[in-house]
Amino acid sequence: MDLGALLLTIVIGFFVGLIAKFLLPGRDVSGFIATTVVGVVGSIIATYGGQAVGVYQPGQTAGFFGAVLGAIVLLVLLRLIRR
């Protein structure tokens, strides 16, 4: 992966994390790095989860809305673990 693709992934992951936190109300105290990680990992969850249930074909990545959905799932799981 080249530097440009990595930077684009980080920027998109940050926005996905922000949107997921906005759509899932509650108390989440985390900074830039945690928000970005949630967005990037949410995208990975959506990609592989979507491939497992047949929404995406192998080699396809989740779209922006799928990534947001994956980030929301990750936030819900993190909240359950923290309790």
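The phi-based Karplus calculation (6.51 cos²θ - 1.76 cosθ + 1.60; θ = phi - 60°) puts the 3J(HN,Hα) values of the range 8-16 at 5, 4, 5, 5, 5, x, 4, 5, 4 Hz, whole numbers, x for Gly and Pro.
What number, in nm² with one decimal, is the all-direction average of the projected area of the convex hull of the alpha-carbon atoms of the chain? Walk me through the numbers on the way to the answer.
Working: hull surface 23.0 nm².
Hull-based average projected area comes out at 5.7 nm².
Relative contact order of the chain: 33 percent, from C-alpha pairs under 8 Å at least 6 residues apart in sequence.
Every number in this text was worked out from the coordinates using simple rules, so none of it is lab data. Note that this is a predicted model, so its numbers are computed, not measured.
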